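One structure is given here, and the rest of the page talks about it.
Each reported figure results from applying straightforward, stated rules to the coordinates on display, with no laboratory input. Remember, predicted model here, so these are calculated numbers, not experimental data. So basically every Cβ, Gly included, is an ideal-geometry build from the backbone, and we count neighbours across all protein chains shown.
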Amino acid sequence: MFSSDFLITSLIVVLMPGTGVLYTISIGLFEGKRQSIFAALGCTLGIIPHLGAAILGLSAIMHTSAIAFQIVKIIGVVYLLYLAYAMWKSTGSVEINKDKTHKKGIEIAIHGFLINILNPKLSIFFLSFLPQFVQENETSVLVQMLLLSGMFMLMTFIVFIFYGVFSSHSKELIVSSPKVLDKIKKAFSIFFVLLSAKLAFSDK
């Protein structure tokens, strides 16, 4: 079922630095290890609608409907710009609060969820990605795609946790330098702006 080609390709795709990866790293760096797990969870859950759309064939509608694609894309661009603004605005405060609440974790997970669900290209990606690994003379296509999707999500969650935990430990190396931390926050805000521009000018 899970061929080496699928596992290797999926790992490469998951490891590629994208919006979700940058978000998880930023949370790990500025909020801590525990909070980065919430970010990883939110980003992982955010791909479920896209996987579901690919499995059910609904992403074909997104692919053929320019209006639907543009609406979702615009919302995604605006949200990324909001994240960039929030990150830039927070650069004046470099204190790292170790007392995080469960509510804060939920908010972080929701932001991660929205980041991925508002990227319309994910639906199209999964529509073209998953069918390549469906094998003939195996279980039903639906079951295979569900299993492949589950494995992809598991890999995403594990890799994102690694990114978040690694960045949270790296925080200790720079926490003594508020100026460096402030510059890193500004750098992340710029990255989110660049990602929003990339999404804004992307085609189907």
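What FRET efficiency comes out for V141 versus D5 if R0 is 22 angstrom and r is the Cβ-Cβ distance? Round to the nearest 0.05.
Numbers: r = 18 Å, r/R0 = 0.81.
Given R0 = 22 Å and the Cβ-Cβ separation, E is 0.80.
For a 24 Å ceiling on Cα separation, which of these pairs sit above it: K33/K89; K89/K183; K121/K185; K104/K185; K73/K104?
In this structure, K121/K185; K73/K104 exceed 24 Å between Cα atoms.
Return the distance in nm (one decimal) between the two label points of a simple spin-label model at I75 and L194, each offset 7 Å from Cα along Cα→Cβ.
In this crude spin-label approximation the distance works out to 2.8 nm.
Would you mind getting me the FRET efficiency between L56 and I12? Use the beta-carbon distance for r and R0 = 25 Å, nearest 0.05.
After rounding, the FRET efficiency stands at 0.45.
In nm, what is the difference between 0.36 nm times the number of residues separating A66 and K33 and their Cα-Cα distance?
Gain on stretching A66 to K33: 7.9 nm.
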